[in-house]
1. Scan segment 196-207 and tell me whether some residue there is loosely packed, with under 15 Cβ neighbours inside 10 Å and not assigned by TED's automatic domain parsing to the domain that holds residue 122.
2. Quick check on this structure: which one of 224, 189 is in the same structural domain as residue 85 (by TED's automatic domain parsing), modelled with pLDDT of 85 or more and under 21 Å from the mean Cα position of the chain (by Cα)?
3. Give the residue, chosen from 69, 175, that is out of contact with any strand residue (DSSP E or B) (no Cβ under 7 Å at 6 or more places or on another chain), in a helix (DSSP H, G or I), closer than 24 Å to residue 220 by Cα and in contact (Cβ under 8 Å) with a residue 24 or more places away in the chain.
């Protein structure tokens, strides 16, 4: 009896030890996962800082380039038969009209989200195709290549619109809920972003005009660099605005429903 009791106690002790071993392994795994998460977080923060520095340095360099090209273009306008009074007003007017259209589209989206969503998907291929046809009619080699690319993109956009057509109802409901009572900060941020984008585009147009005044191969490269910079800057501004607006909406929902956290 005593021997059997000792054996049972030993077996029980062995079971207890076996029970403790998995918990220690689990603790080690949790600690390793935490270290991995912290390392990835630190790497992500370093990458964000590096990207932020590169972006602001690129903005400063592009600003210097645009000022240089604009001043050089104005100084050499007479020798290169460049007429700023005939070149700048149409482009600056078109840029200002783009800003007005952006404000109008925001108002239309706020008043009728369903029609705005459908119009965005169906007007995009039509306008892209119209631009492609316009470039084809110019009849130069570069414009013909750009026109063909634009027409192909218009076809892709139309096919994509047909593919997502069954999801319009759900997207409309989500858009209607989010735009029902937007916080005041959202309207301010969107308005400021449109104004800033319009002014920045006008600034870049001045540099493009200065490069067009001379018209060398290097100036053509400068124009392409300015256009690439504008595309990158607008995408960064758009993504930043989307994240900021989503955060503001999340905080507003949290204040309305304290039971839900901002991350929910």
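1. Yes, segment 196-207 has at least one match.
2. Within the list 224, 189, the selection yields 224.
3. 69
Conditions (1) in contact (Cβ under 8 Å) with a residue 12 or more places away in the chain; (2) surrounded by fewer than 11 Cβ atoms within 10 Å (Cβ to Cβ); (3) within 21 Å of the chain's Cα centre (by Cα), marked per residue:
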position: 76; (1), (2), (3): yes, no, no
position: 86; (1), (2), (3): no, yes, no
position: 90; (1), (2), (3): no, yes, no
position: 106; (1), (2), (3): yes, no, yes
position: 109; (1), (2), (3): yes, no, yes
position: 114; (1), (2), (3): yes, no, no
position: 123; (1), (2), (3): no, no, yes
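The values are calculated or read from the model by the stated rules, or taken from the named source; none is laboratory data. Being a predicted model, the structure only gives us computed values, none of them experimental. Cβ atoms come from the backbone with ideal geometry, glycine included; neighbour counts cover every protein chain shown.
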